[in-house]
Amino acid sequence: MTEKKITGIHHITAIASDPQRNIDFYTGVLGLRLVKKTVNFDAPDVYHFYYGNEIGEPGTILTFFPFGDIQKGRRGKGMLNTITFSVPLSSLEFWQKRLKNYNIISQPAQQRFDNEIVICFADPDGLNLELVFNDKDLRTGFTYGSIPPENSIKGFYSAEIWEEGYELTAGLLMEQLEHKLIAEKGNRFRFAANDTPGNYIDILCLPDSLRGIGGNGTVHHIAFSTPDKTTQKDVRAKILDRRLNPTPVIDRQYFESVYFREPGGVLFEIATAIPGFMVDEKKDHLGENLKLPPQYETHRKEIEKILVPVRLNVA
Ligand code: ZN
């Protein structure tokens, strides 16, 4: 069997407003681990937070640029609009109660595909989130302590993209990105490079929706995971063959990246699974200190002066 060059979802990056509120929600309410606190490498006066499982493995990494008081975005076609987390089937009651305790409005539980119960809610910036209660996810979730380990989030389950039509994006996913169509129902088409929770891409055909507009509460891009630089180079060549326009390889410190826009308008990234988040912090101390890439380390003082201090409020 040949090695897969795309193994599934690597990370999803979204835009938030207030940095502290973002940390409090994702670590405090949802219990994800803050695995890295750094800056936006293209705008170092803005934080870049990475949340994930214990070590921030591909398929668990949700990242945010908390830009502060910028324009609110609008969900719509040509955008990834819903991020779905995977939790055990037995934790439905726990999560319904927990969201209620935090005054988070969630929709009644509904069945999606077989053995998938879904509840929908939103983060403080209005970003659509879901929990999928299922029994097929073998990953171990992380907990800071306030969520019992048997109820904790295991990582992503799926990501939902809205499109005018699904064919062009599906073609790219299947021909260049090693995905297969694994399920469909109504206007929902599910693809995966790897048929396990954490890697499902659901394309929803919504021709009548307005186009999405970037801003607070929307997703900026989704990254697919490739093992290393060699496989990344091969994938990049395939993207070029499809006459899309990939960027050169960009060093993101914790992975290397290539970006391009898929035919429906969503920004895609191909990110290497290595070196990962332990390249500059030990496992037990991930996310504790502000980490800067070498190009900004000499400007640490100025950067720290601009960034509003944040803290982790987990008991
Ligand atoms: Zn990215």
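The values are calculated or read from the model by the stated rules, or taken from the named source; none is laboratory data. Please read these numbers as outputs of a predicted model, since none were measured by experiment. Backbone-built Cβ (ideal geometry, glycine too); neighbour counts: all protein chains shown.
A few notes on this one:
- Test: residue 70 is more than 16 Å from the ligand (Cβ to nearest atom) and either of a type outside the set (Gly, Ala, Ser) or touching a helix residue (DSSP H, G or I) at 6+ places or on another chain (Cβ under 7 Å) (or both): yes
- Within the option set 294, 246, being at pLDDT 95 or above and not acidic (Asp, Glu) holds for one residue only, 246.
- Set side by side, the residues 104, 55, 61, 83 differ, and just one is β-branched (Val, Ile, Thr), more than 16 Å from the chain's Cα centre (by Cα) and over 17 Å from residue 313 (Cα atoms), which is 104.
- The selection criterion, being under 19 Å from residue 52 (Cβ atoms), assigned to a strand (DSSP E or B) and out of contact with any Pro (no Cβ under 8 Å at 6 or more places or on another chain), holds for residue 159.
- Of all residues making up region 144-164, the number that are out of contact with any Ser or Thr (no Cβ under 8 Å at 6 or more places or on another chain) and without any contact (Cβ under 8 Å) to a residue 60 or more places away in the chain: 1
- The set of residues in region 15-45 that are in contact (Cβ under 8 Å) with a residue 60 or more places away in the chain and in a strand (DSSP E or B) comprises 15, 16, 33, 34, 35, 36, 37, 38, 39, 44, 45.
- Only listed residue being within 19 Å of residue 32 (Cβ to Cβ) and touching a residue at least 40 places away in the same chain (Cβ under 8 Å), chosen from 73, 141: 141
- Residue ranges of helices (runs of 4 or more DSSP H) in region 201-309 with at least 2 members within 16 Å of the ligand (Cβ to nearest atom) and in contact (Cβ under 8 Å) with a residue 40 or more places away in the chain: 229-241
- Of the candidates 38, 27, the single residue that is within 16 Å of the ligand (Cβ to nearest atom) and among the β-branched types (Val, Ile, Thr) is 38.
- Any chance residue 105 is part of a loop (DSSP other than H, G, I, E, B), modelled with pLDDT under 95 and either of a type in the set (A, V, I, L, M) or surrounded by fewer than 22 Cβ atoms within 10 Å (Cβ to Cβ) (or both): no
- Filtering region 106-148 to residues that are closer than 18 Å to residue 26 by Cβ and of a type in the set (A, V, I, L, M) leaves 119, 122, 127, 129, 131, 132, 147.
- Of the residues making up region 168-196, those that are part of a helix (DSSP H, G or I) and either aliphatic (A, V, I, L, M) or buried (at least 19 other Cβ atoms within 10 Å of the Cβ) (or both) are 168, 169, 170, 172, 173, 174.
- Checking each residue in region 41-59 for being closer than 20 Å to residue 225 by Cβ and either within 14 Å of the ligand (Cβ to nearest atom) or among the small types (Gly, Ala, Ser) (or both) picks out 41, 48, 49, 50, 51, 52, 56, 58, 59.
- Within region 73-95, the set of residues being among the β-branched types (Val, Ile, Thr) and more than 16 Å from the ligand (Cβ to nearest atom) comprises 82, 84, 87.
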